[in-house]
Protein chains: 2
Amino acid sequence: MTATMPAGVETARDLVGPAIAAAVRRLSPDVREVAEYHLGLAGGSPGAGKALRPALTLLSARAAGAQPERAVPAAVAVELVHNFSLLHDDIMDGDTERRHRPTAWTVFGIGPAILAGDAMLALAQDLLLEGTSSSGVWASRCLLAAVHRLIAGQGADLAFERRDDVTVTECLDMAADKTAALMACSCSLGAIYVGAPAGLAMGLGEFGAYIGLAFQLTDDLLGIWGAPEVTGKPVRSDLRARKKSLPVVAALTSDTDAGRELGSLLAAPGELTEDELLRAARLVEEAGGRKWAEAEADDALGSAIRCLDETELADDVRSEFSAIAEFITARQW
Amino acid sequence: MTATMPAGVETARDLVGPAIAAAVRRLSPDVREVAEYHLGLAGGSPGAGKALRPALTLLSARAAGAQPERAVPAAVAVELVHNFSLLHDDIMDGDTERRHRPTAWTVFGIGPAILAGDAMLALAQDLLLEGTSSSGVWASRCLLAAVHRLIAGQGADLAFERRDDVTVTECLDMAADKTAALMACSCSLGAIYVGAPAGLAMGLGEFGAYIGLAFQLTDDLLGIWGAPEVTGKPVRSDLRARKKSLPVVAALTSDTDAGRELGSLLAAPGELTEDELLRAARLVEEAGGRKWAEAEADDALGSAIRCLDETELADDVRSEFSAIAEFITARQW
């Protein structure tokens, strides 16, 4: 199944894309080169990332009754933080491919990639603080809070790699930090930036946390069963890297024969062969990990939609939020 | 010659030390462990760094007629940014020893060390923005500006490693970004944070930029002729790493036989032997690199003191600023 990009995402890309490019042009030449490559603004890329988070940020400004243009600095800040984390995570995880291209650290080296990430994090703060919004400081603090959770989540993810007793609860907590926190921030930062009432910002943040969780579950499923042309990464890359992703942990802790067999397979030293990777994917499924993750994603998406229903929103804004929610959790496997 | 630590630095350490420890305790457990180790708050350290920058920040608040206590968040923020950059630079430069201990990335791995640096950068912003100072936002923006220059300077430093035609001017520009910008910020951020007039903040910033340059020149000289017990690093470590430090670049571009011989020596493949390192140090000296750097450091220190003279300051504050300036450029070789 192929998901269709909601119209709001395309519009957001047109509005935010040039603003991101302009922001990055402020960086010093060495750092800028790496940032532009990573963002797909240079280096023969088919284009930048999907810009889902900026689309959500602009939509949250509209939810507060403002023109989306007013929230562009917030949307750019969110996208810069997202890309700061991707740049650094790719180094930590040793990932060599992203968005169908070699990762920045493999092209420019670890040092320049660390620096480019650092610069994007600082730049995100600049944008929120230098704008004319009187809520810029509060927006900056909310984004910093998301950054801390992102870091905590990635820290937990790294720690999980060295453990073989990770529970599903720990794994869900990690996803809440690593993915859902920034998504929650994306869904509320535009509203915060244009001075929305706290109740609206909180309702949108809650919606964002649920779609963030649904998104992580979907991403984990794609990491096992997604086609490379969809994920931009090699097939079964998460299994190859022995990632403690949600479906894998659900399988490992399922108290089934398939789960135990998966445990021994992943514990074996040396690189996994293609046959072993196929077998691992089958074992995750047999142990119920796939079904569980799909059901959890459905639940989270359902909760997200209920949050929308309980939040006072114009009809067009509500339907755009739900279209994006459904798009990012669409099953492309 | 051994320099005596000015009393103000000790006092600052007593005031700022506990505040740094408290700030770092907010980080998530995995990240906090690395940050505490790096900061010398754990892991059998003889103590934290010299806390020169926080001392300068507190002093700048006093220059504005405020109690130093009021500028503690700014002093902590400066020290966190300094340590964020050390953590990341150690990874990029492959440095294995700092402050007489193994560097954080060698103990915890590259991933956790990147994350701890990221978290300290974000935490510095938190502190400035959440305080009660109405100038916190401006302080935060000034610190971000220093962060960008720091990143630009480290980027240039990395780029220099791959070039053999670096000029003295480029090298001085790099030092202005990598070292002097944060020192200038340290010398003015306390004043900014407590709401000092712009003229005072600018005068102090200029003083800081000069002592930053003098400090870098001194550090580069220590990197060749400093004793390991003073530097906390192996002897002649900068030459071993073939760093394009200021005295080395001055020697390489000196148009002397010694400079050319140094160039061939450093261009030769493979690790340099102890004999070659000794010879390289001698060649830097023969080519005039050492004398030039010492004279530049003296000049910069002189300009710094003139800045102090031209800035309206209480006598005790002025003499403490000059004591710190002289301490950090004292010749311990």
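A few notes on this one:
- Volume per residue that the Cα convex hull of the protein assembly as shown spans, once the total is divided by residue count, Å³: 153
- Annotation for the range A:297-331: GluC sites (Glu not before Pro) lying in DSSP loop with at most 11 further Cβ atoms inside 10 Å of their Cβ are A:Glu312.
- The range B:30-100 versus the range B:191-245: alpha-carbon centroid distance in Å: 14
- Pairwise burial A:B, computed as accessible area of each alone minus the pair, summed, 1.4 Å, Å²: 2800
- The range B:76-172: trypsin sites (Lys or Arg not before Pro) falling in loop per DSSP and having at most 16 other Cβ within 10 Å: B:Arg162, B:Arg163
- For the range B:7-328, size of Cβ-based charge dipole, Lys and Arg +1, Asp and Glu -1, in debye: 720
- The mean accessible area for residues of chain A, using a 1.4 Å probe and ignoring ligands and nucleic acids, is 39 Å² per residue.
- Test item: B:120-129 mean partner chain Cβ contacts at 10 Å: 5
- When each of the peptides B:250-258, A:270-278, A:228-236 is scored by the mean number of other C-beta atoms lying within 10 Å of its residues, the order from highest to lowest reads B:250-258, A:228-236, A:270-278.
- Using every pair of separate Cα atoms, the Kirkwood estimate puts the hydrodynamic radius of chain A at 20.2 angstrom.
- Counting, for every residue in B:138-144, the Cβ atoms of other protein chains within 10 Å of its Cβ and taking the mean gives 3.
- Cross-link reach list, lysines versus A:Lys178, counting only Cα pairs under 27 Å and skipping chain neighbours closer than eight places: A:Lys50, A:Lys233, A:Lys243, A:Lys244, A:Lys291
- Ordering A:Gly131, A:Val72, A:Ala12 by the projection of their Cα atoms onto the charge dipole of the range A:7-328, which places +1 on the Cβ of Lys and Arg and -1 on the Cβ of Asp and Glu, puts A:Gly131 at the extreme positive end.
- Annotation for A:Met5 and A:Lys291: the two label points, set 7 Å from Cα along the Cα-Cβ direction, are 3.7 nm apart.
- Heavy-atom surface analysis with a 1.4 Å probe gives the protein assembly as shown a carbon and sulfur content of 51 percent of its accessible area.
- Calculated from backbone phi, Karplus (6.51, -1.76, 1.60) coupling profile of the range B:234-240 in Hz, x at Gly/Pro: x, 4, 6, 4, 5, 5, 4
- Pair-distance profile P(r), taking every C-alpha pair of the range A:135-279, with 10 angstrom steps and integer %: 12, 34, 30, 16, 7, 1
- Inter-chain shielding of B:152-162 (mean C-beta neighbours from other protein chains, 10 Å cut-off): 5
- The range B:7-328, relative contact order [Cα under 8 Å, separation at least 6], %: 18
The values are calculated or read from the model by the stated rules, or taken from the named source; none is laboratory data. Since the model is a prediction, treat every value here as computed from it, not as a measurement. Note that we place each Cβ from the backbone using ideal geometry, even for glycine, and neighbour counts take in every protein chain shown. Only protein heavy atoms, including side chains, enter the accessible area calculation; ligands, DNA and RNA are left aside. Shrake-Rupley method; radii C 1.70, N 1.55, O 1.52, S 1.80 Å.
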